Amino acid sequence: MRSERFRKPIHVLSLHDVIILTKPEMPTARNKAAKVGSGLISIIVPVLNEAASIERFLQCLRERAGDAEVIVVDGGSSDGTFDLARNHCDRCLNAPRGRAVQMNAGACAASGDSFWFVHSDCEVPPGCLQQIADALGQPEVLGGFFRIRIPNERFVYRLTDSFAHYAGLLLRTRFGDHGFFCRRTAFEEIGGFPKVPLMEDAEFFRKLRRLGRIAIIPSRLISSSRRYEEIGPWRLTLTYGLIALLYLLRVPIPALATIYQKRCARPDRLIGV
């Protein structure tokens with residue numbers, strides 16, 4: 001059994017609410033805890049037209065989070081994503097297109113007492129379930145997220161995954177590519193993800209943070225640079241920064257969605273996917 005010192009936060013920051021930084025899993029520890037208390041963790045993955053990578057993603061997820069319930073929610077893919085995914089998850093659902101709608105549908109179908117919302121273009125770290133269980137093992141913690149890393153050494157990517165992290169701490173906001181997790185009770189109290197065309201993740205995080213403590217897990221989700229390469233890394237990074245700033249200034253979300261749609265969106269994907 002691991003020493004109790006690895007179950008405690010290694011640092012605490014106070015930024016309006018208290019943010020807890022949890023110790024990463026030790027490399028030799030077994031990835032054995034898919035439960036918080038006696039409750040199953042349900043992993044919910046919204047997808048749309050991910051046939052090229054969905055099997056590889058789900059196989060990695062099974063290897064590193066094999067004891068969790070995995071639910072894939074397809075938003076009407078036209079490339080066979082649903083059929084490819086159904087052999088590698090516990091449940092594969094169809095839902096109306098829209099990330100918020102899909103994630104809410106997955107949560108409604110989930111059996112777990114805790115939810116982890118993961119994008120399909122990332123790679124989860126070893127020991128991820130243990131780290132979530134350790135974070136939620138602290139009664140005052142209602143949810144949390146992971147750090148991210150884009151696997152490219154160009155400066156623009158470090159601006160995105162490092163500088164943006166600390167800016168997010170100061171601004172008390174976060175986006176869904178960080179892999180939000182939370183207790184079912186907190187999700188239900190918030191009312192799930194709002195059905196808005198953009199920033200559903202930021203809106204959800206804002207409400208979650210107001211309910212209680214948020215855990216930051218330093219282990220990195222490896223986030224794909226695919227979208228940056230498709231759109232252009234500087235164009236996408238600056239657009240994200242502009243949208244985040246306008247969001248904090250309370251610019252209406254439909255206006256932000258219009259900016260994103262014009263500068264960054266692809267017609268075959270959800271806004272933000």
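A single member of 214, 190, 222 is touching a Pro at 6+ places or on another chain (Cβ under 7 Å), at pLDDT 90 or above and of a type in the set (A, V, I, L, M, F, W, C), and it is 222.
Exactly one residue out of 82, 163 is open to solvent by 60 Å² or more (accessible area, probe 1.4 Å), over 17 Å from residue 208 (Cβ atoms), of a type in the set (Phe, Trp, Tyr) and free of Cβ contacts under 8 Å to residues at least 60 places away in the same chain, and it is 163.
If the condition is being open to solvent by 20 Å² or more (accessible area, probe 1.4 Å) and of a type in the set (A, V, I, L, M, F, W, C), then the range 245-257 contributes 245, 246, 248, 249, 251, 253, 255. Among the conditions (1) open to solvent by 10 Å² or more (accessible area, probe 1.4 Å); (2) closer than 17 Å to residue 178 by Cβ; (3) at pLDDT below 95, residue 57 misses just one, which is (3). Going by what's in this entry, would residue 113 be described as closer than 27 Å to residue 127 by Cβ and open to solvent by 40 Å² or more (accessible area, probe 1.4 Å)? It is true that residue 113 is closer than 27 Å to residue 127 by Cβ and open to solvent by 40 Å² or more (accessible area, probe 1.4 Å). Do the conditions hold for residue 173, that is, is it farther than 30 Å from residue 110 by Cα, among the β-branched types (Val, Ile, Thr) and either open to solvent by less than 50 Å² (accessible area, probe 1.4 Å) or part of a helix (DSSP H, G or I) (or both)? Judged against the criteria, residue 173 is not a match. Within the range 91-110, the residues that satisfy the criterion of being open to solvent by 30 Å² or more (accessible area, probe 1.4 Å) and not hydrophobic (A, V, I, L, M, F, W, C) are 91, 94, 96, 97.
Restricting 175, 146 to residues that are modelled with pLDDT of 90 or more and touching a helix residue (DSSP H, G or I) at 6+ places or on another chain (Cβ under 7 Å) narrows the list to 146. Tallying residues that are assigned to a helix (DSSP H, G or I), free of Cβ contacts under 8 Å to residues at least 40 places away in the same chain and closer than 23 Å to residue 180 by Cβ within the range 243-259 yields 2. From the list 174, 91, 149, 99, the lone residue that is closer than 26 Å to residue 206 by Cβ, of a type in the set (Lys, Arg) and free of Cβ contacts under 8 Å to residues at least 40 places away in the same chain is 174. Regarding residue 139, is this residue at pLDDT below 95, open to solvent by 10 Å² or more (accessible area, probe 1.4 Å) and over 30 Å from residue 233 (Cβ atoms)? Answer is yes for this residue.
The values are calculated or read from the model by the stated rules, or taken from the named source; none is laboratory data. What you are looking at is a predicted structure, and each value in this text was computed from that prediction instead of being measured. Neighbour counts are summed over all protein chains in view; Cβ atoms, including those assigned to glycine, are modelled from backbone coordinates with ideal geometry. Note: accessible area is taken over every heavy atom of the protein model, side chains too, but ligands, DNA and RNA are not part of it. Shrake-Rupley method; radii C 1.70, N 1.55, O 1.52, S 1.80 Å.
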